[in-house]
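What follows is one structure encoded as structure tokens, with my remarks underneath.
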Amino acid sequence: MGECGSSRRVEQSERNMDAVVPGNELQGLPAFLKPYFWEVDFARVRLPEHEVYVIERLLEYGDDQAIGWLRRAFAPESIARVVRRSRRLSRNTANLWSLLLGIPREEITCLSTPSLLPYGSFSNG
């Protein structure tokens, strides 16, 4: 019974993970991502308008489900561009994604330039 129930949950959660379709109108994010955007009005976070913000936030805080959605929703080149240019990612996150995406460390801004934020990425102090 455990396997049947868990496969049903997986099927339902996969249906809820709508990928971003290139060329579509501005789109909201799947509801399961709401906890990662605690400080903003989640209903107003739209793609592609807030693409960099969404990628940064999910790379930094996302669990397996969020990262799976991120990798289906965005091209690897888009994710790599954010990893290369962001100053909001923590050094640990940037280092991990540089290894996963095969980006040389010297190409990653946040590994050579201090964060814009006083206490690191997305920190309140």
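Among the residues of region 78-125, those that are modelled with pLDDT under 85 and under 16 Å from the mean Cα position of the chain (by Cα) comprise 121, 122.
Residues being surrounded by fewer than 19 Cβ atoms within 10 Å (Cβ to Cβ) and either aromatic (Phe, Trp, Tyr) or touching a residue at least 12 places away in the same chain (Cβ under 8 Å) (or both): count how many of those fall in region 63-83.
Here is the first cut: in region 63-83, the ones surrounded by fewer than 19 Cβ atoms within 10 Å (Cβ to Cβ) are 63-65, 67-68, 71-72, 75-78, 81.
Add one more test, that the residue is either aromatic (Phe, Trp, Tyr) or touching a residue at least 12 places away in the same chain (Cβ under 8 Å) (or both), and what stays is 65, 68, 72, 76, 78.
Count: 5.
Pick out the one residue from 96, 58 that is in contact with a helix residue (DSSP H, G or I) (Cβ under 6 Å, 6 or more places away or on another chain) and aliphatic (A, V, I, L, M). Walk me through it before giving the result.
Details: 96 fails: in contact with a helix residue (DSSP H, G or I) (Cβ under 6 Å, 6 or more places away or on another chain).
58 is the lone residue from the list that is in contact with a helix residue (DSSP H, G or I) (Cβ under 6 Å, 6 or more places away or on another chain) and aliphatic (A, V, I, L, M).
Of all the residues in region 24-62, those that are among the charged types (D, E, K, R) and touching a residue at least 24 places away in the same chain (Cβ under 8 Å) number 4.
The values are calculated or read from the model by the stated rules, or taken from the named source; none is laboratory data. Since the structure is predicted, the reported quantities are computational estimates derived from the model, not experimental observations. In this analysis, Cβ positions are derived from the backbone assuming ideal geometry, glycine residues included, and neighbour counts consider all displayed protein chains.
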